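I have placed the structure first, in the form of structure tokens, so that the comments after it can refer back to it.
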Amino acid sequence: MAENIKINVGGLAFETKTSTLARYPDTLLGRLSQKSKFYDNKRKCYFFDRNPNIFVSILDLYRTGSLHFPSYLCGTIIQDELEFWEISPGLLGECCFEQYLKSEGDMNSTRTLRETFEHYGLDYTDEECRTSKRKRILRKIWLLLEEPSSSKLAKGFNFFFLTVVVISMVTFVLGSHPSFREKKLTHSYLLFIIAYSNIRFFDELNLQNPKEVMLGTSLPNQAIRDCEIFTSVFFTIELMLHFISCPRKTRFFTYPLNVIDLLLVIAMWVTYALEQDLTLLVTTYELVQFYLVMKSLFVLRLFRVFRLMKLYSGLRIMIMSIRASLKDLLLLSLSFLLASLFFASFIYYAEFYVTDTFPDIFIGIWWSVVTMTTVGYGDMFPKSTFGYFVGGVCAFSGMLILAMPVAILATNFNDLYQKNKLREMKHKLLQTKSKREETLHIHVATVSPIETQGKRPATIKCNW
């Protein structure tokens, strides 16, 4: 005959059979014995300081073989109870398991937001700042450069930083226009060099390409070069101060934007050095190619705008949404690639007897990508009836495929944005509570013990 076992949960007594608990021997209740730390010798029962209302659902698992929780329970509470009683989440009923997964996903999103926004950057510890004046100064510099919301001065500096980024991009764009360049070599002198020079660059120079001629005969004007020097000096000093003031220098270049800054500083000074002597620049064709590669790195300046992520939470949430949707986006990209190959093959054979369209499947891939993205350059298009049909299906399929990633990104962004709003509201409430406690502490401290002797205790009023 099975023995009855008494269990006291939060002051409420439960009684069941040992055979009932033995149905799940891998759980905490399934392994109970009088040697357990939960056994109370005086009361002759097992005592657990847990919520008795939730334990009803736990005990029903052993009685019925099905685990269900009330819908009003928080997912975190359910997770904590399952961990304490050592019950696998797989034993949850289908209706509750969906709720459990949703709450777990919400907790993961909230945890990610908290880690991103509250522990996003490095910082000096309070102990380091108390014991070292140098660390206090470095911390002020670090917060000025790294945390735009730390002070009004930091906000002002970041606004100036953004202005310099815009100036550097404008000068980069203007430097590619002939109106903002100065001639260093005349066209006749260039023809003379091509005829009599043994420099390989001039052998490779295409005089029919105005961009190549402009590169070989001119430089950006003095105003553009002055702006380039100013921005180069500014970004170099900013990077050096950023690195010097970093609390953990070994982790400084683990942050992608810092790596981009280093590449940009190197590229800016290398191109500046090469532009000082145009004759030296064009001595070898390889050096010109290297110069063009360094110059193209200037486009990375745009990534400096992402430093404002700490000032505008929406920008950081957008990046987080892309990361959260990365697997889905990769799957959809693969689907898009397969669809491109599919329609490229079809259009090639659909237009096989048309002499002036789709000479190979590679051109068909280009056409299918342009069609599915609804760009439609018009450089290549079908001319047969069957080709029209393939083109219509291709365009319609592209609309369906491209609509899915937009929906996924929008859903993830909205979910993270709403959770971040709740996080910010909670953070403000905690800050308000902290300020109230500080105000109360100050008011209490200002009341003199001598003044209160022999007097009835006064009520302290605080203007909250």
Practice problem: Apply the Karplus parameterisation 6.51 cos²θ - 1.76 cosθ + 1.60, with θ equal to phi minus 60°, to every residue of segment 342-356 and state each ³J(HN,Hα) to the nearest whole Hz, in sequence, with x for glycine and proline. | Solution: 4, 6, 5, 5, 5, 5, 5, 7, 5, 9, 4, 8, 8, 6, 10
Quiz item: Over all distinct Cα pairs, what is the inverse of the mean 1/r for segment 326-444, reported as the Kirkwood hydrodynamic radius in Å?
Solution: 17.9
Self-check item: Ascending count of other beta-carbon atoms within 10 Å, so fewest first, for Arg31, Arg423
Solution: Arg31, Arg423
Quiz prompt | Order of Val259, Val270 - criterion: other Cβ atoms within 10 Å of each residue's Cβ, fewest first | solution = Val259, Val270
Quiz item: Amide H of Phe14: which non-local residues (sequence gap of 5 or more, or other chain) have their own amide H closer than 5 Å, using H built in the peptide plane?
Solution: Ile7, Asn8, Val9
Practice problem: Would you order Val406, Val370, Val166 from fewest to most other beta-carbon atoms within 10 Å of each residue's own beta-carbon? | Solution: Val406, Val166, Val370
Quiz item: Under the Karplus relation 6.51 cos²θ - 1.76 cosθ + 1.60, θ = phi - 60°, what is the ordered set of whole-Hz ³J(HN,Hα) values for segment 169-179, x standing for Gly and Pro?
Solution: 6, 5, 5, 5, 6, 5, x, 8, 9, x, 5
Quiz item: So which chymotrypsin sites (Phe, Trp or Tyr not before Pro) in segment 360-434 end up in coil per DSSP with only 13 or fewer other C-beta atoms within 10 Å?
Solution: Tyr377
Quiz item: Length gain on complete extension for the stretch Leu400 to Thr64, per 0.36 nm per residue less the alpha carbon to alpha carbon distance?
Solution: 116.3 nm
Self-check item: Two-decimal Rg to Rh for segment 4-118 - Kirkwood Rh, Cα set
Solution: 1.04
Quiz prompt | Long-range HN-HN contacts of Glu86 with modeled amide H, under 5 Å | solution = Leu28
Practice problem: Amide H neighbours of Asn221 under 5 Å, at least 5 residues apart or on other chains, H built in the peptide plane: list them. | Solution: Arg181, Glu182
Quiz item: ³J(HN,Hα) across segment 63-72 via Karplus (A = 6.51, B = -1.76, C = 1.60, θ = phi - 60°), whole Hz, x for Gly/Pro?
Solution: 7, 10, x, 10, 10, 9, 10, x, 5, 7
Quiz item: Once you have the alpha carbon radius of gyration of segment 225-363, what is it after dividing by 2.2 N^0.38 Å, with N set to its residue count?
Solution: 1.60
Quiz item: On average, how much area does the Cα convex hull of segment 324-394 cover when viewed from any direction, in nm²?
Solution: 4.7
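FYI, it's all coordinate maths here, none of it is from the lab. These numbers were taken from a predicted model, which means no experiment stands behind them. Virtual Cβ from ideal backbone geometry, glycine too; neighbours counted across all protein chains shown.
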